[in-house]
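**Q** There's a structure below that I have some questions on.
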Amino acid sequence: MSAVLDHIQAITFTASSAAVASLSHITKRYANGVLALDDLSLTLHRGEIVALLGPNGAGKSTAVKLLMGLSAPTSGTVRIFDADPRHATTRLRTGVMLQVGKAPEMLRVREHINIFRGYYPAPVPYADLVRAAGLEGIESRMFGQLSGGQKQRALFALALAGDPDLVFLDEPTVGLDIEARRGMWAEIRSLAARGKTVLLTTHYLEEADALAHRIVVINKGRVICEGTAAEVKSLGAATAGASTSRTLKIIRCVTDLPKATLLAIPGVTTTELKVGVTVISSTEPERTLRELLALDQNLHSLEVQSPALEDAFLALTSN
Amino acid sequence: MSTTAFTLPAAHSNSIARTLRIFLTEARFEFVRLLRTRAFSLAVIGFPVIFYLFFGLIMNRGEHVGSVSVAKYMLGSYAVFGMVGAALFGIGGGLASEFSTGWLELKRASPMPPLAYLVAKCCSAAAFGLVIVSILTLMAISIAHVSITLPEYAQMMALTLVGTIPFACLGMVIALLVPFNATPGVINMVYLPMSFCGGLWMPIMLLPHWLQKFALILPTYHLSQLVLGCFGYTTAGSPISHWLGLIGFTLVMLGVAAIAYRRLEQNS
């Protein structure tokens, strides 16, 4: 059901591909000589959730800072709603959630929210914001008294305060418990469903997998791959050495068969022994399994999995 | 005036009203925040009050040097001591912390006019300055029966408002140059020597001659001479020279802040 819906949404993006934000051929070199972005291009469309993935220092936050107009590129152009991101009118249409160590601690949640609502001509009604961010009951607390997860939710409310058309969320669910994380995911999805664009950076690959219509993996300042979660996974699998990667499965089992025998089985691309469990990747899992079970009558603890985004990510960003 | 208001497109005048409201809201909540931050409000109000009580009122009880009442003379210099503390700690401390935690970045990414942020910090520090100077004045009147005319009080208030600006700029420079953890220490290292050498703790004439020369580059000296001048005391140097001293100091600080800010921005 959700796969069908995702598919329908994916079609609507390509149809109405008006760019909401774009980075084109951006190079960013800091004064200390560090090359943070190297000819990076990225386009965000209306109503899509894009996850920016990459290891630490890959250039994720630099890209987000450029889009927010907090920093200027060394070369290339940044456009938001076909305007300069530094213009006040552009900022009225964007909302930002950054990883903030500390917001002013001696202001109440309610006060913080209303200060930010005041920046916009048509802010989201206060009660709606509090509900969306799950802040009921803690509105009168000082920011400094909040738990880590509550702080994240309060910052999420600030990002949504102006009913923005483009939202940047930097690691939005850090420190949230599972329930709160699911709640925030639901809010993020409903933003996209209302035609808002969301750019998400996250370390939780699970989050990118669950939320993003499109994942952009960057490393060393360049886009190394871009696509749906499924596409990124298969690309990662291809990088890992599988040829017909779409059907790649990971097989885990306990077996006494030597590595050479395993590699000779049709479909097997790699095999590895991890704490007594043999991990085999296969592009023809059914054939591999039939052969495997025939060869080792004592094989047990069998599991078959699809490759996770994490595997793809590691394969893509290693070296 | 009213005709221009009528000819403005509705959206434009709305945005002016909104901008004005943002400035007011920022200032109001910055003041509330400082007031609730006990470490700030108690120290910044408490120190000048205690110092003035000990050195201005108890130790020199009813004393006069010539025709000069010591309690009144000291009111002028401790008022400056108080307002300088509010400006340095309010702006330097607040800015350093919000800069280091990324809060300032979030504010800059929002549609808030950047000037609203600085104006709010300045106004809140000035408001604290007014509170401190008023408390000291009340102490002088009630404890030492110092006579202060309304124009004298008004001039002192006006000087508090204007005098906040150079020290706000100094606070900004410290916040931009010094790592966050070291800020309170560095502010004290600047604030206390500057107060002593500027003649805020004891009259400038009692300091060694070379220190009196050194005081010429200190904004504390110039501001305190202006306050003493409005009490009618003869001051070292003309009012114009003190105004020029304050303006010069402010410009130098603004220049340093601009360079420091640009350097930080290029590397962030």
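The values are calculated or read from the model by the stated rules, or taken from the named source; none is laboratory data. The structure presented is a predicted model; accordingly, all values stated were derived computationally and were not measured. Note: ideal-geometry Cβ built from the backbone for every residue, glycine included; neighbour counts use all protein chains shown. With ligands, DNA and RNA removed, areas are computed over all heavy atoms of the protein, side chains included. Shrake-Rupley method; radii C 1.70, N 1.55, O 1.52, S 1.80 Å.
**Q** Does the protein assembly as shown come out rounded, prolate or oblate by the C-alpha gyration tensor, with a ≥ b ≥ c the root eigenvalues, rounded set by a/c under 1.5 and, if not, prolate when a/b is larger than b/c and oblate if not? Intermediate results must be reported in sequence, preceding the final value.
**A** Details: a/c = 2.91, a/b = 2.41, b/c = 1.21.
The shape class here is prolate.
**Q** Near the amide H of A:Gly162, under 5 Å away, which other amide H atoms are found, from residues 5 or more places off or on another chain, if H is placed in the peptide plane?
**A** A:Val124
**Q** Based solely on its DSSP helices, what 222 nm [θ] is calculated for chain A when runs of n ≥ 4 H residues each add -39,500 (n - 2.57) and the sum is averaged over all residues, nearest 500 deg cm²/dmol?
**A** Values: 12 runs with 116 residues, N = 319.
Mean residue ellipticity at 222 nm (helix-derived): -10500 deg cm²/dmol.
**Q** Using only alpha carbon pairs under 8 Å that are at least six residues apart, calculate the relative contact order of chain A and give it in whole percent. Could you put the intermediate results ahead of the total?
**A** Working: 610 pairs, mean separation 57.2, N = 319.
About 18 percent, as a whole number.
**Q** So, one more: For the stretch A:68-227, what is the accessible area per residue in Å² when the probe is 1.4 Å?
**A** Per-residue value: 39 Å².
**Q** Another one. Quick check: from the Cα gyration tensor, does the stretch B:23-64 come out rounded (a/c under 1.5), prolate or oblate? It would help to have the intermediate numbers written out before the result.
**A** Values: a/c = 7.43, a/b = 2.93, b/c = 2.54.
Taking the square roots of the gyration eigenvalues as a ≥ b ≥ c, the stretch B:23-64 is prolate.
**Q** By how many nm would the segment from A:Asp39 to A:Asn298 grow when fully extended, if each residue of separation counts as 0.36 nm and the alpha-carbon distance is taken off? Each step should come with its number before you reach the end.
**A** Numbers: separation 259, 0.36 × 259 = 93.24 nm, distance 5.40 nm.
So the chain would gain 87.8 nm between A:Asp39 and A:Asn298.
**Q** Moving on. Just flag the trypsin sites (Lys or Arg not before Pro) in the stretch B:54-125 sitting in loop per DSSP whose Cβ has no more than 11 other Cβ atoms within 10 Å.
**A** Values: sites: B:Arg61, B:Lys72, B:Lys107, B:Arg108, B:Lys121; in loops: B:Arg61.
Answer in residue order: B:Arg61.
**Q** I'm a student and want to see the number: the projected area of the Cα convex hull of the stretch B:136-210, averaged over all directions, in nm².
**A** Numbers: hull surface 28.8 nm².
The directionally averaged projection comes out at 7.2 nm².
**Q** Continuing with the same structure: Provide the descending list of Cα extents for the stretch A:141-298 along its principal axes, expressed in whole angstroms.
**A** Largest first, the stretch A:141-298 extends 64, 32, 30 Å along its Cα principal axes.
**Q** Cut-off under 28 Å on the C-alpha distance; same-chain residues fewer than 8 positions from A:Lys274 excluded. Which lysines are left, in chain and number order?
**A** A:Lys233, A:Lys249, A:Lys259
**Q** Using a 1.4 angstrom probe on heavy atoms only, work out the carbon and sulfur share of the accessible area of chain B in %. Before the final figure, lay out the partial values.
**A** Numbers: 9370 of 12680 Å².
So the carbon and sulfur contribution to the accessible surface is 74 percent.
**Q** Next question, about the same structure. Starting from the Cα of A:Glu231, step 7 Å along the direction of its Cβ; do the same at A:His87; then give the gap between the two resulting points in nm.
**A** Here the answer is 3.1 nm between the modelled labels.
**Q** Hey, what did chain B get for relative contact order, percent, Cα under 8 Å, at least 6 apart?
**A** Numbers: 309 pairs, mean separation 59.7, N = 268.
Value for chain B: 22 percent.
**Q** Something else now. Please give the contour-minus-distance gain from A:Ala31 to A:Asp177: 0.36 nm per residue of separation, less the Cα-Cα distance, rounded to one decimal in nm. Please list the in-between numbers first.
**A** Working: separation 146, 0.36 × 146 = 52.56 nm, distance 3.95 nm.
48.6 nm is the gain from fully extending A:Ala31 to A:Asp177.
**Q** Calculate one ³J(HN,Hα) per residue across the stretch A:260-270 by plugging θ = phi - 60° into the Karplus curve 6.51 cos²θ - 1.76 cosθ + 1.60, and present them in order as whole Hz with x for glycine and proline.
**A** Using θ = phi - 60°, the values come out as 4, 5, 4, 5, 7, 5, x, x, 6, 9, 9 Hz.
**Q** Moving to a separate point now. How many Å² of accessible area per residue for the stretch B:11-61, probe 1.4 Å?
**A** Working: 3040 Å² over 51 residues.
Averaged over the residues of the stretch B:11-61, the accessible area is 60 Å².
**Q** Same structure again: For peptide B:109-119, how many partner chain Cβ atoms fall within 10 Å of a residue's Cβ, on average? Could you put the intermediate results ahead of the total?
**A** Details: counts 15, 14, 16, 6, 2, 1, 0, 1, 0, 0, 0.
Mean partner shielding for this stretch: 5.
**Q** Turning to a different aspect of this structure: What FRET efficiency comes out for the pair A:Ser75/B:Ala258, r = Cβ-Cβ distance, R0 = 30 Å, nearest 0.05?
**A** Working: r = 25 Å, r/R0 = 0.83.
Step by step, r from the Cβ atoms, then E = 0.75.
**Q** Now, a different point. Report, to the nearest 10°, how far helix B:219-230 tilts away from the longest principal axis of the Cα atoms in chain B, using its own Cα long axis and a range of 0 to 90°.
**A** 60 degrees
**Q** Separate question: Testing the spin-label approximation: label points 7 Å from Cα along Cα→Cβ at A:Tyr126 and A:Ala186. State their distance in nm.
**A** Placing both labels 7 Å beyond Cα along the Cβ direction yields 2.5 nm.
**Q** Relative to the longest principal Cα axis of chain B, at what angle does helix B:150-177 sit, 0 to 90 degrees, rounded to 10?
**A** 60 degrees
**Q** Add +1 for every Lys or Arg and -1 for every Asp or Glu among the other residues with Cβ under 14 Å from the Cβ of B:Ala257, and state the total. Don't skip to the end; give the middle numbers.
**A** Values: positive: B:Lys121, B:Arg262, B:Arg263; negative: B:Glu265.
Value of the local net charge: +2.
**Q** Classify chain A from the C-alpha gyration tensor, please: rounded if a/c falls under 1.5, else prolate or oblate depending on whether a/b exceeds b/c. Please report the intermediate quantities before stating the final value.
**A** On the way: a/c = 2.28, a/b = 1.79, b/c = 1.28.
It comes out prolate by the Cα gyration axes.
**Q** Could you give the angle, 0 to 90 degrees to the nearest 10, between helix B:183-197's Cα long axis and the longest principal axis of the Cα atoms of chain B?
**A** It works out to around 40 degrees.
**Q** Moving to a separate point now. Specify, per residue and in Å³, the volume enclosed by the convex hull of the alpha carbon atoms belonging to the stretch B:77-209.
**A** Values: hull volume 16.2 nm³, N = 133.
So the per-residue hull volume is 122 Å³.
**Q** If you plug each phi of the stretch B:36-41 into the Karplus form 6.51 cos²θ - 1.76 cosθ + 1.60 with θ = phi - 60°, what whole-Hz ³J(HN,Hα) values come out, in order, with x for Gly and Pro?
**A** Result, rounded to whole Hz: 6, 7, 4, 4, 7, 5.
**Q** If Lys and Arg each add +1 and Asp and Glu each add -1, what is the summed charge of the other residues whose beta carbon sits under 15 Å from the beta carbon of A:Leu53? Don't skip to the end; give the middle numbers.
**A** Details: positive: A:Lys60, A:Arg214, A:Lys220, A:Arg222, A:Lys233; negative: A:Asp170, A:Glu171, A:Glu206, A:Glu207, A:Asp209, A:Glu226, A:Glu231, A:Glu310, A:Asp311.
Once positives and negatives cancel, what remains is -4.
**Q** Another question, then. Could you give the length gained on full extension between B:His145 and B:Ala182, defined as 0.36 nm per residue of separation minus the Cα-Cα distance, in nm?
**A** Values: separation 37, 0.36 × 37 = 13.32 nm, distance 4.16 nm.
The span from B:His145 to B:Ala182 would gain 9.2 nm if fully extended.
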